[in-house]
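Below is one structure, written out as structure tokens; the observations come after it.
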Amino acid sequence: MKSFLNQLRLLPHRPIVSVIAACLLIFLIQDISNTRLSPSFGAVPLEFRNGLAAASTDGVTADLLATVARLFTPIFLHGGPGHVVGNMVFLWAFGSLVSRHLGNWWALAVCLLCGAAGNLTQIYMSPNSMIPIIGASGGVAGLEGVYFGLALRWALPWPDVFPLAHPIPPGQLVLYALVGIGFDIYSVATETAAGVAYGAHIGGFASGLLVALLLTSVYGSTESWNRKRK
């Protein structure tokens, strides 16, 4: 057992790996037990709005805290094998890259906070919906937004990470992120977003980009950021 725990400590980017492991484990438990956690732990826009409205008269209560928590819990829930596998591949790719440049805990914070910001954006865009918002795509989009912002302002090394077959220029990943968020915006603008929380993608990406722009405005290079961390 000690040997196994020692091996776990050697894993790179452990916070991001932990999120991936939690998402996969929860999906497997749901699939094996034939249960769905989304009604109780997904972000249901109308229920969220009602919870905030109740807080205006009741103040800070356990119900309000549970309502706010449901901005974060959907990150760990997924609707099908393709949904969870696709999100986990990109979570690893961009999460590990952000971990390399900003640090493990910054990458985790970006994933969780941008995921919550993305869910909040989707709630704002469909305020009366009773369909639970689930998935880590808002957090993934946040990591993409951070990497996008860092690559625009800092001289980053060529990324070499799974599933890339070989190192590529950072600009190619920036282009990928730009095309992806452009498709999300187009889908929302043309009202072809049924069944997909494109608002969560947009909100996650925008909040991640904001984090990167703030950081790179204070720290003009990777070297100055690394000196700050030491």
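Taken together, GLU223, GLU191 contain a single residue that is at pLDDT 85 or above and among the charged types (D, E, K, R), which is GLU223.
Filtering segment 140-159 for residues that are of a type in the set (D, E, K, R) and over 19 Å from VAL110 (Cα atoms) leaves an empty set. The residues on offer are ALA200, ALA212, and the sole one that is in contact (Cβ under 8 Å) with a residue 40 or more places away in the chain and either under 21 Å from PRO157 (Cβ atoms) or surrounded by fewer than 16 Cβ atoms within 10 Å (Cβ to Cβ) (or both) is ALA212. Taken together, the residues in segment 172-230 that are over 16 Å from the mean Cα position of the chain (by Cα) and in a helix (DSSP H, G or I) amount to 28.
Quick check: anything in segment 72-80 polar (S, T, N, Q) and under 19 Å from PRO15 (Cα atoms)? Checked segment 72-80: at least one residue is polar (S, T, N, Q) and under 19 Å from PRO15 (Cα atoms).
Contact map, segment 25-49: residues that are at positive phi paired with residues that are outside any helix (DSSP H, G or I) and polar (S, T, N, Q), Cβ distance under 6 Å, separation 6+ or inter-chain. No pairs are found.
When segment 93-125 is examined, which residues are found to be among the small types (Gly, Ala, Ser), within 21 Å of GLY182 (Cβ to Cβ) and out of contact with any Phe, Trp or Tyr (no Cβ under 9 Å at 6 or more places or on another chain)?
Within segment 93-125, the subset among the small types (Gly, Ala, Ser) is 93, 95-96, 99, 103, 107, 109, 115-118.
From what's left, within 21 Å of GLY182 (Cβ to Cβ): 93, 115, 117-118.
Hit for segment 93-125 is ALA117, nothing else.
A residue that is more than 22 Å from ALA117 (Cβ to Cβ) and under 15 Å from the mean Cα position of the chain (by Cα) occurs somewhere in segment 14-22. Has segment 134-142 got at least one residue that is surrounded by 24 or more Cβ atoms within 10 Å (Cβ to Cβ) and at positive phi? Yes, segment 134-142 has at least one match. Can you find even one residue in segment 176-192 that is surrounded by 18 or more Cβ atoms within 10 Å (Cβ to Cβ), within 23 Å of HIS13 (Cβ to Cβ) and in contact with a helix residue (DSSP H, G or I) (Cβ under 6 Å, 6 or more places away or on another chain)? Yes: one or more hits.
The values are calculated or read from the model by the stated rules, or taken from the named source; none is laboratory data. Since the structure is predicted, the reported quantities are computational estimates derived from the model, not experimental observations. All Cβ positions, glycine included, derive from the backbone under ideal geometry; neighbour counts span all protein chains shown.
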